[in-house]
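Taking it in order: structure first as structure tokens, then the write-up.
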Amino acid sequence: DELPTMVNDGDRAAMDRLAVYSIRLLAADMVDKAGSGHLGAPFGCAPLANALWSDIMKFSPRKRWVNRDRFILSAGHASALQYVMLHLIGCGCGGPFEVTMDALKQFRQAGSSTPGHPEFRMTSGVEVTTGPLGQGFANAVGIAIAEAHMSARFNRQGFPLFDHYTYVLAGDGCMMEGVCSEAASLAGHLELHKLIVFYDDNKTTIDGKTDLAFSEDVGARFAAYKWNVVYIPNGDLTDSAIFIEAVRKAKSQTKKPTIIIMTTTIGCGAGEGMEGTAKAHGNKLPNLEQFREKWASPKGLCQGDDVDVKVATMVRQELDELLGLNAAQLCKDVLKDDARVLPHFHLLHPVVKKFRAVGTRGDSMADAWEQMLLKYYDTFQELEPMLVEDLRNRMQGIYLAGDWQSSVHEYLAKEKQVIDTTLRSLSNLSTKEETRESEFKYKAGRVYVADVLKCMVELNHSLIGGSGDVASSCGGHFPNIQGHFLPASYSDRYPGASYAGRYIHFGIREHAGVAVLNGIASYACLIPYSTLFTVFYQYALPAIRMASISKFPVLYIGTHDSIDVGEDGPTHQPVEVLPQLRAMPNLLVIRPANLEEIVGSFEVFGAQYAAPRGIHQYIDPKPLIRRPVFLMTSRGELGLPYKGNTAVTGQEGVKKGAYVLHECFDEPVVQKTTNGISHEGATHVEPLPDIVLIASGQDVALIMRAKEILLQLSLKFNTQLQAGLAGLPPCLSAQAPQILKVRVVSMPCWELFDEQDQDYQDAVLLSNFSNVLRIYVEKAATKNTGHDKYAHISVLMPSYGLSGKGADVERKLEFTPDFIAAKVWSKWMERGRSTSQAGVKADMDMSTWVSYLGSRV
């Protein structure tokens, strides 16, 4: 089925017109059947869609071709338009994820592959998840950055492996969003000339005309951003040549991204009362059948211009074929039959043939590209073997070197050698400590994280990231290793500046910078990361949310994670950000307590990229295999005051989300007989703790120091109690002084812990023992934010922080070891335990279920 040859411009114009009508009607059928949706943009932008998919973009419907042109629907509410086009080109044709007509009929239905807004991994051919306006625009900047970088790293003369354009459809709402402005400014600065944005300038939003709130000259604004500005005065015209010429102008220069400002009519053709009004934005057509009679019947079309009359001929032929007739069999009443209308959800054969032919040519281009890739491997295997190995691995979905952990482990071993020889131990049986001349001085958490990141960046060329102007404080930029992602024209000012650079200077554009990472993640072949103060990620929460929905494995490094920030005060102390992030599904939030846990956190993230990917990894496996990771760490020192006494290392413990760091006993006790004499074969029993202290990050060191004080308090209390009861009858005398039994649990990641089986969770927290008091301490979180599912009592921030020296702020807000120990002791005494012996069996009555529900004392 080849596209019929167009004998003249009139035939081409008729085919363009027929395609535009078909696109509009199919979108209208989808919205009508769904009972909801947005038709304004699909109607207004149907001429552009026809030109893009038939004459402008290169793509392969049957292959996820790396060098395909990308299309990003930043105006995600126009999803019906994108789904129609993906069906027309046969995206996924013949495979299990084909965008079929049945899929279009399930538009906006629960569980369908055609959701209300485009979602990455839900629909074949959708590059990124869009919907919140402006996000797609920023994602497209990330895709353009990825193309420029991959081109600079791998392309060689005669081998343009990475050489494609990124096209965006954005609307008035996108232009108003701050993230769009930030991303546009960055793209202009970076001279991303292969980025082409079509601005659907219909001057209409949900509440009415845009001049209610928006009157700036968008063209002048983008010119100031150093963009190339092209105008299409009448974007309602169905002639594809108009759009082809605009794209030619965009590609005629190589220094600027381009915005093509199309003056369009929202709901174009929807008729009086709908066309050009806010009603057309998000409603189905109340008069759909009238428009079907206008655009899908020979009679209605013959009332139009000469081009419509030609379209009427093609529609008449389609109707005749549907009836199983041919021209020789038509009766003399054929004119009466011209009132016939094409069925709902019907596409004319010439339209389908047109777009499927384009798709077939794209499949051939993809095949040719794959042959070029193989030739590239052969040509440069001896000349640049490491480059070829890198590219070959990335094409297989392996983005990290086989020994990617080696340098990280070497760094860990070197640091631990110093730490372990200096760190003291704490006995549960005696309050006498090992004597040290001075307490060990740890590096700041942000320094440890930057050191580990540097190891990974140095060994793995796939890592590319950036920071919002705080890399000098957070770490994350290593100029001698990464260079600078900048146009080559900057190299005289900044040595190492080129598109081959792997560090992006986002500037103070946090929202756009993080949204850009989503585009890079969608591109494949690259591992994106960012570094910021934790509090500044609040600017970017919408982009993190989109990454979580999309399951993009992006690494976010947030430093300065609590009131430890100190003098900068409550504006910079992120006491509520940790709970906000934990509330996001599909996001791993890790707050490590020491260097071992930091290394384990990087291993959790890196494991997502260290092996080939299979399709099952994109279809919601449980637990999720790929997802973003937020690694939160401190401004100040990060480490433990004394050694753990269990076999679990922080490096492995973090992978389970929580683990026992310091047990309540030094050695298991021997189970004795009833007469108090041990016998052969006696079993060793691990005593249950009285209290389980839980924390993350810096707060693990805090509760470990609090444990020391609690041991001293309990011994002193019981000693005094025994002295006070001296001389009383034996039946009233106190037992021998007992030291409080305290377990310390490090819980760096809630999400990973929740994914462990119930037996493991119970073994760590003892949630199935109602007589074990669990207390969670966290100065990086506020009250009523979920801690009660793990603990009876939570010691959290009651409000925002204070400005002052970090240590002074912590004392003022009662986050010091003595204050924490006093609070824990108070709760322990309030509890008034009267059991004569700690329970050694899990609770079997209803109290067990109460404890699971997070009961409070």
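Scanning region 787-836 for residues that are under 29 Å from Leu721 (Cα atoms), β-branched (Val, Ile, Thr) and under 35 Å from the mean Cα position of the chain (by Cα) returns Ile793, Val795.
Determine whether Lys256 is open to solvent by 10 Å² or more (accessible area, probe 1.4 Å) and modelled with pLDDT of 95 or more. Steps first, answer last, please.
Values: open to solvent by 10 Å² or more (accessible area, probe 1.4 Å): yes; modelled with pLDDT of 95 or more: yes.
Answer is yes for this residue.
Considering (1) over 30 Å from Ser462 (Cβ atoms); (2) free of Cβ contacts under 8 Å to residues at least 40 places away in the same chain, the lone condition that Met122 does not fulfil carries the number (1). Taking the criterion of being of a type in the set (Phe, Trp, Tyr), open to solvent by 10 Å² or more (accessible area, probe 1.4 Å) and not in a loop (DSSP other than H, G, I, E, B), the only residue of region 473-524 that qualifies is Tyr490. Tell me which residues, restricted to region 767-793, are open to solvent by less than 30 Å² (accessible area, probe 1.4 Å) and acidic (Asp, Glu). Correct list: Glu778 only. Here Gly188 passes the criteria (1) touching a Phe, Trp or Tyr at 6+ places or on another chain (Cβ under 8 Å); (2) over 26 Å from Ala46 (Cα atoms); (3) not in a helix (DSSP H, G or I) except the one numbered (3). For region 588-620, a tally of residues being part of a loop (DSSP other than H, G, I, E, B) and modelled with pLDDT under 95 returns 10.
So is Ser473 among the hydroxyl-bearing types (Ser, Thr, Tyr) and out of contact with any Phe, Trp or Tyr (no Cβ under 6 Å at 6 or more places or on another chain) or not? Yes; evaluated as a whole, the condition is true for this residue.
Summed over region 739-766, residues that are open to solvent by less than 10 Å² (accessible area, probe 1.4 Å) and of a type in the set (Gly, Ala, Ser) total 1.
Screening Lys255 on (1) in contact with an Asp or Glu (Cβ under 8 Å, 6 or more places away or on another chain); (2) outside any loop (DSSP other than H, G, I, E, B); (3) more than 30 Å from Arg12 (Cα to Cα) shows it passes everything except condition (2). For Pro487, all conditions in the list (1) within 18 Å of Ala152 (Cα to Cα); (2) within 27 Å of the chain's Cα centre (by Cα); (3) modelled with pLDDT of 95 or more hold save one; what is the number of the exception? For Pro487, the exception is condition (2).
Matching residues to (1) modelled with pLDDT under 95; (2) loosely packed, with under 14 Cβ neighbours inside 10 Å; (3) in a strand (DSSP E or B):
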| site | (1), (2), (3) |
| --- | --- |
| Ile261 | no, no, yes |
| Gly273 | yes, yes, no |
| Lys279 | yes, no, no |
| Asn283 | yes, no, no |
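If you go through region 287-328, how many residues are small (Gly, Ala, Ser), more than 46 Å from the chain's Cα centre (by Cα) and buried (at least 17 other Cβ atoms within 10 Å of the Cβ)? Qualifying residue count for the region: 3. Contact map, region 389-413: residues that are under 25 Å from Val449 (Cβ atoms) and touching a residue at least 12 places away in the same chain (Cβ under 8 Å) paired with residues that are of a type in the set (Phe, Trp, Tyr) and not in a helix (DSSP H, G or I), Cβ distance under 8 Å, separation 6+ or inter-chain. Pairs shown: Ile398/Tyr609; Tyr399/Tyr609; Leu400/Tyr609. Specify which of the listed residues (Asp201, Asp163, Asp217) is open to solvent by less than 40 Å² (accessible area, probe 1.4 Å), more than 22 Å from Gln482 (Cβ to Cβ) and not β-branched (Val, Ile, Thr). None of the others qualify; the one that does is Asp201.
With respect to Thr534, determine if the residue is touching a helix residue (DSSP H, G or I) at 6+ places or on another chain (Cβ under 9 Å), in contact (Cβ under 8 Å) with a residue 60 or more places away in the chain and either of a type in the set (Asp, Glu) or more than 15 Å from Gly465 (Cα to Cα) (or both). So Thr534 passes the test.
The values are calculated or read from the model by the stated rules, or taken from the named source; none is laboratory data. This structure is a prediction, so every number in the text was calculated from the model and none was measured. Neighbour counts are summed over all protein chains in view; Cβ atoms, including those assigned to glycine, are modelled from backbone coordinates with ideal geometry. For the accessible areas, the whole protein counts, side chains as well, though only heavy atoms, and no ligand, DNA or RNA atoms are used. Shrake-Rupley method; radii C 1.70, N 1.55, O 1.52, S 1.80 Å.
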